[in-house]
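Worksheet: one structure, shown below.
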Amino acid sequence: MIKCKTFETFDPKRVPSPCFVVDEVAVENNLRILQRVQQASGAKVLLALKAFSMFSLAPLFDRYLSGTCTSGLYEARLGRGEFSGAVHTFCAAYKEDELAEIMQISDHVVFNSLGQWQRFQPLIEQARAERPELKFGLRINPMHSEGTTPIYDPCAPGSRLGIPKSEFANQDLTGISGLHFHTLCEQDFAPLDRTLAVVEQQFGDLLHKMEWVNFGGGHHITRADYPVDALIKRIVEFQEKYAVQVYLEPGEAAVLHSGVLVTEVLDTTYNEMAAGDSG
Ligand SMILES: Cc1ncc(COP(=O)(O)O)c(C=O)c1O
């Protein structure tokens, strides 16, 4: 059941099918909460385009958030072309020709492995010479699971998402100004707090050398019972302790309970069981 008043009285027959219907007021109410987090904590909040890319609403997002987080070339083009804020790109692995364009249109580019960061150094040097303001980061993997489904858990054993602490030994991190982690999914503040404790314990020495830290997405900040003040306090402490700029890149939280997908049943069939009857 969608927790949005608009849809209690919404008549799906008013729109074509299939059709995504989004309640702008509900989105704006979410954005106000995210804006409060930004203003009270000093963190910057980015919209994860992989979760919501309805760019007709870009002017609304521009009024409240600091930019977009993108997961590859096409989202980066969307973020740069349609939204007015910063574009932060993380991709599990970059193709060389796409990386060149990504570095022209992104503000932060985050690598998933030291291998790609090192292999693309000539290209990176060239991009940096053209755009000295371009920042680079690495995705870390604290190997601290908060998820319940292993296949969706970036911290599951053998995960290829993010660099575990052991891989950092004796690495030259010249040119890296930030760290990124994304380990949560639809979660409350307590899992983030526990994750941060592990990140600090494992990567504390690196954090002191960084300019920014991106806490990824998966924070259910706009859910009615989310302790927003506890989040704000934790971000303030973290930023002060390490002298870093914190970023959050929620997707779902920005648009929670704000839309429906209207569809219709065109036919029903029978083959030993009725369609839709799984057993
Ligand atoms: C790197 C990264 N950032 C942000 C997000 C957005 O997550 P959510 O929509 O759960 O907030 C995702 C989702 O998979 C992600 O992989």
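With respect to (1) of a type in the set (V, I, T); (2) within 16 Å of the ligand (Cβ to nearest atom); (3) out of contact with any Asp or Glu (no Cβ under 9 Å at 6 or more places or on another chain), the lone exception for T183 is condition (3). Within the stretch 164-220, the residues that satisfy the criterion of being among the aliphatic types (A, V, I, L, M) and farther than 30 Å from A254 by Cα are A169, L173, L206.
Rundown of residues vs (1) farther than 22 Å from G217 by Cα; (2) among the hydrophobic types (A, V, I, L, M, F, W, C), yes/no style:
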| residue | (1), (2) |
| --- | --- |
| G72 | no, no |
| F83 | no, yes |
| T89 | no, no |
| A93 | no, yes |
| W117 | yes, yes |
| I124 | yes, yes |
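V236: of a type outside the set (D, E, K, R), more than 30 Å from T6 (Cα to Cα) and within 15 Å of the ligand (Cβ to nearest atom), yes or no? Criteria not met by V236. In summary, A230 fulfils each of the numbered conditions (1) among the small types (G, A, S); (2) buried (at least 18 other Cβ atoms within 10 Å of the Cβ); (3) within 30 Å of F203 (Cα to Cα) with the single exception of condition (2). Could you list, in sequence order, all residues of the stretch 78-125 that are surrounded by fewer than 21 Cβ atoms within 10 Å (Cβ to Cβ) and among the aromatic types (F, W, Y)? The one that is surrounded by fewer than 21 Cβ atoms within 10 Å (Cβ to Cβ) and among the aromatic types (F, W, Y): F120. Would it be correct to say that F203 is touching a residue at least 12 places away in the same chain (Cβ under 8 Å), more than 18 Å from L47 (Cα to Cα) and more than 16 Å from the ligand (Cβ to nearest atom)? Yes, satisfied. For the stretch 253-270, the candidate set comprises residues that are out of contact with any strand residue (DSSP E or B) (no Cβ under 8 Å at 6 or more places or on another chain) and within 16 Å of the ligand (Cβ to nearest atom); within that set, the residue that is farthest from H182 (Cα to Cα) is H257.
Reported count of residues in the stretch 32-75, each being within 16 Å of the chain's Cα centre (by Cα), assigned to a helix (DSSP H, G or I), within 14 Å of the ligand (Cβ to nearest atom) and of a type in the set (A, V, I, L, M), is 2.
Any residue in the stretch 42-55 that is within 17 Å of V262 (Cα to Cα), surrounded by fewer than 18 Cβ atoms within 10 Å (Cβ to Cβ) and in contact with a Phe, Trp or Tyr (Cβ under 8 Å, 6 or more places away or on another chain)? Within the stretch 42-55, one or more residues are within 17 Å of V262 (Cα to Cα), surrounded by fewer than 18 Cβ atoms within 10 Å (Cβ to Cβ) and in contact with a Phe, Trp or Tyr (Cβ under 8 Å, 6 or more places away or on another chain). Would you confirm whether any residue within the stretch 168-176 is within 12 Å of the ligand (Cβ to nearest atom), surrounded by 17 or more Cβ atoms within 10 Å (Cβ to Cβ), on the phi < 0 side of the Ramachandran plot and of a type in the set (A, V, I, L, M)? No, every residue in the stretch 168-176 fails to be within 12 Å of the ligand (Cβ to nearest atom), surrounded by 17 or more Cβ atoms within 10 Å (Cβ to Cβ), on the phi < 0 side of the Ramachandran plot and of a type in the set (A, V, I, L, M).
Inspection of the stretch 229-237 identifies at least one residue that is within 24 Å of H88 (Cα to Cα) and basic (K, R). For beta carbons closer than 7 Å, sequence separation of 6+ or different chains, a first residue in the stretch 242-271 that is crowded, with 20+ Cβ neighbours inside 10 Å and a second that is hydroxyl-bearing (S, T, Y) and in a loop (DSSP other than H, G, I, E, B), the qualifying pairs are A253/T222; L256/T222. When A253 is tested against (1) farther than 14 Å from A51 by Cα; (2) not in a strand (DSSP E or B), exactly one condition is not met: (1).
Rule-based calculations on the coordinates, nothing more; no lab input. Source: prediction; values computed, not measured. FYI the Cβ positions are ideal-geometry reconstructions off the backbone, even for glycines, and counts take in every protein chain you see.
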